[in-house]
Each structure stands twice: as C-alpha cells, then as structure tokens.
Amino acid sequence: MRLRSACLGVTALVSVAATAAVAEEITIATVNNADMIVMQELAPQWEEETGNTINWVVLEENVLRQRTTQDISTNGGSFDIMFIGAYETPIWGANGWLEPLNDFADDADYDLEDIFQLVRNGLSAEGNLYAVPLYSETSFTYYRTDVFEEKGIAVPDGQPTYDEFKEMAAAAHDPDNGIFGTCQRGKAGWGENMAFVGTMANAFGARWFDMDWNPQLDSEEWNNAITYYVDLMNNYGPPGASSNGHNENRALFKDGKCATWVDATSAATDVKNPETSNVADVTDFFKAPQQATDKGTGWFWSWALAIPASSQKKDVAKDFLKWATSKEYFELVGETKGWVAVPSGTRQSVEEDQRRLEAAPFAETIVDAILSVDPADPTAEPVPYTGVQFVAIPEFQGIGNYVGQQVAAALAGQQTVEEALANSQQFAVREMTKAGYIQ
C-alpha cells in the first residue's frame, strides 16, 4: 500500500511496508542520462520516508553496460538494482540472472496494466516480467524551426528520405556562425553509434543476418548506408563527431549548435524545457528518415530498473522500484521539475494527463511514434531475429560493439568504409560460428 502526503508543498510518497523494516543500504548502477539524474535528486525523499539509503554508481553508458554485464554474468552481487534496457532484460531474465517482478501485478496502487503493453512485452521473457520502465522511446528528427525558416528549408510533410535529409542538412550548415547541419552519434558502441547507424542501415534495406544467421555486413545495402553516414557527418557534422554519443549531441543541440538531430524521443522533455535548453522554443520534430524502405527506421528502447538475482536485499530493492516507476513518482517529477520534464512513453495515464499535455504538446506525437514500432518486423528482407537497432541474441553485444568501433574508425578517416565492413563481416562470421549459429 502507498499513501500520499503533502510535505512542504511537494507531493510525498510514503512506503508503509519499508518503514517498519530494518534500514538497509542498496547499491544502484545507473547511466548518466537526464531522467536518471532527476531520480537521484528526488530519491532522498524515498530514503527519508523508508530509512533506507542508496549508494549510487553513476556511469557513462558504455561503461555501465560493461560493468553490469560482467557483474551479473559472474553472479558478482555488486548491485541491488541496475538500470538496463530492452536488449538485456529478456536475455538476462531467461538466463535466471534477474529477479522476476510478476508480483507487481498484484499491487493495485502500482497499476502495472497502466504501463503500455509494448513496453511490458519488451521487458519480459517466457511470460515473466523482469524490469519496470522509467522511460521508453523511439527515434525521430529534431530540427531548428528558426534555422529552417531563415534558410528557406521546407519542413517535410510526412517521412523524408535520407537523401532529402542530407539536402536539409546541407542547406542549414553554417559553421561560420556556429551551426552545423546535423549532429549524429559517432561514439563507438552497440547502444551508441550503432543505435543510429543500425536504424539508418535498416532504412537503406540492410539487415544484420539473413534467415540462416549468416552475417550480411559486407552487403551493398550496408555499404550504401555507411558511405552515406560518413559523407553526411564529414561534410555537415561538427568536428570530432566520432567522439560524440547521445549525451554529447544532446548538449550540442540544446546549446544551439545543431540544425538537425535524429535521436531518442525521450530527449524531447529536456530539449523542450526552457530551464535546460537554449532552443526550447525553436525546436520541432518530424519522423526519422526512410530510404529504400520505411521499416525499422525508428528504434525501440526502454531504460528500466531490474534487480539482479544475486542481490541480498530484494525486498528493499522492489520497494524502490515501485516508488521510482509509480504514477506518483511521475507526478512528483511534474510538480518539482515541470510537467515537460516527466519521463515519456511509459504510462498511459501520465501521457493522457492534461497537465502533461499542456506543458508538452508533443507528448502525443512521441507515444504514437513509439507504438508504431514493430521490433518483430524491423527490416525490408526477412530476418530470424527481433529488435530494431539491436538483435535480441546474447552475441549481439560483442558484435555490435566491434562493428561500432569499425564504423567510428571509418568516420574518423582511419580506414575506408569497405575496410570497416570487411572487418565487421569477418568478426561477425567468426563469432556466429563460434556460437553455433552457422557452420
């Protein structure tokens, strides 16, 4: 049972069960994204109300994945809660590495059914729920309305092609005045540059594997996609683009340095917040581009909280998960940070709240975009896997990271696109053979 009380004019969330227990310290591994930073700022309220404390381990995204993967696969027990995503959750859950959260469905106040079914499905395996979401996202295009107006660039009516997108970036590119035509992810990592590059490759008609699990990274479609990407960024992107991931590009866009940016819908709550962004009033959105196909052109992702099976403090960890992903938590964010800052794409009741819609009129666009994604049908040609910007097999993390490194090296001019893809194909064939997918 959860009760709400007023505390100094701010909504308080009271966890009745936890207050009667012996105080514990839990350790949470989290990424340094804006919504997680807000959670850290608000979490002392949970600590005060329950008597429990939190040891936050805040890591850059690639490092977080390395640390949590190593810890959970070796039953290390370093963390009681991990921020993980829609890729890791079903795989780790099926391996028995995560604590099932099926009992959340029995808590009427928590209202698990209020979380969008697509999101719940993405965080489940074999009928069991293994994580609960803070926010969910797809990708779309951010653009500067003032730059488009000044340069006479037509806003697309619908979904543009990547060729049309390059024309927009070229027309908007004005480095002498500190504005680059586009900012896209270049930092190596399956969840960094490959999140953008993978969905872009889908648009060009590429796929990671054919129906017999043979890698397809040396295909014409992959070559077309990566050649386009390198040319786009070298001509119209900022210097040092191969070092920029999501957070770096978000900061560049908010500072007014980018005319366009294809990235996570979840960032809109930050970019459109006048307290955190210099371009809040001159930013709008259109769909992520297509090219040879419109399949798989917007990714699907959830950042969620899960409890490793190795945790010795599962009850306290569950209490925090219920607090941090509850309806009341989202309301607390709205009351303290503004309703534009509420994490997006998770709860139907939040997305339909009039306070949210008034502060963030783009919220409905985000939800529609998320619910339009089909991870089971992500590519023009048939594939044996699910996942848009990732392949839902354990081997993908290593393969995706390696390909990300090769693509980043091509972007930095350290090798050709052909060399990058030949290396990637060779590595993927070796890994898939070793894992028994192919002979």
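All of the numbers you see were taken from the coordinates with simple rules; none came from a lab. Not measured: the values here are computed from a predicted model. For neighbour counting, all protein chains shown are included, and Cβ atoms are generated from backbone atoms with ideal geometry for every residue, glycine included.
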Heads up, region 37-87 by the C-alpha gyration tensor (a ≥ b ≥ c square roots of eigenvalues; a/c under 1.5 rounded, else a/b over b/c prolate, else oblate) looks prolate
Sorted by chain and then number, the residues having a modelled amide H within less than 5 Å of the amide H of A86, at least 5 places away or on another chain, are S302
The percentage of Cα-Cα pairs in region 59-116 separated by more than 14 Å is 63 percent
Mean-square fluctuation maximum in Gaussian network of the chain, Cα pairs under 10 Å, restricted to A43, A206, A188, hits A43
Interchain or sequence-distant (5+) residues whose placed amide H lies within less than 5 Å of the amide H of T53 are E24, E25, I26
Per the rule of 0.36 nm per residue minus the C-alpha distance, extending Q312 to D174 adds in nm 44.2 nm
Within the set R144, R120, R67, GNM on the chain using Cα springs under 10 Å gives the largest fluctuation to R67
Residue-normalised 222 nm signal for the chain, counting each DSSP H run of n ≥ 4 as -39,500 (n - 2.57), nearest 500 deg cm²/dmol, is -12000 deg cm²/dmol
Compactness summary of region 155-306: radius of gyration and Dmax from Cα atoms, Å, are 15.6, 51
So the compactness index of the chain, its C-alpha Rg divided by 2.2 N^0.38 Å, takes the value 0.97
With Cα coordinates, the longest principal axis of the chain makes an angle with the long axis of helix 327-337, in degrees rounded to 10, of 70 degrees
Taking only the alpha-carbon positions of region 320-429 as identical scatterers, the Debye log10 I(q)/I(0) at q = 0.11, 0.23 Å⁻¹ comes out as -0.62, -1.13
Residues other than P394 with Cβ under 11 Å of its Cβ, Lys/Arg counted +1 and Asp/Glu -1, net out at -3
Surpassing 22 Å at the alpha-carbon level, of the pairs K166/K287; K151/K257; K272/K337; K272/K318; K187/K254; K151/K287, are K272/K318
Listed by chain and number, the residues whose amide H is under 5 Å from that of D174, excluding neighbours fewer than 5 places away on the same chain and using placed H, are I179, F180, G181
Zone reached by a paramagnetic label modelled 7 Å from V155 Cα along Cα→Cβ, restricted to region 268-296 with backbone N below 11 Å, covers 282-286
Scalar couplings 3J(HN,Hα) for region 81-86 by Karplus 6.51 cos²θ - 1.76 cosθ + 1.60 (θ = phi - 60°), nearest whole Hz, x for Gly and Pro, are 9, 10, 7, 9, x, 6
Toy charge model, Lys and Arg Cβ at +1, Asp and Glu Cβ at -1: the chain dipole around Cα centroid in debye, rounded to 20, equals 660 debye
Scoring only Lys, Arg, Asp and Glu (+1, +1, -1, -1) among other residues with Cβ under 13 Å from the Cβ of N247 yields -4
Neighbours of D218 by Cβ distance under 13 Å: Lys/Arg at +1, Asp/Glu at -1, summed charge -4
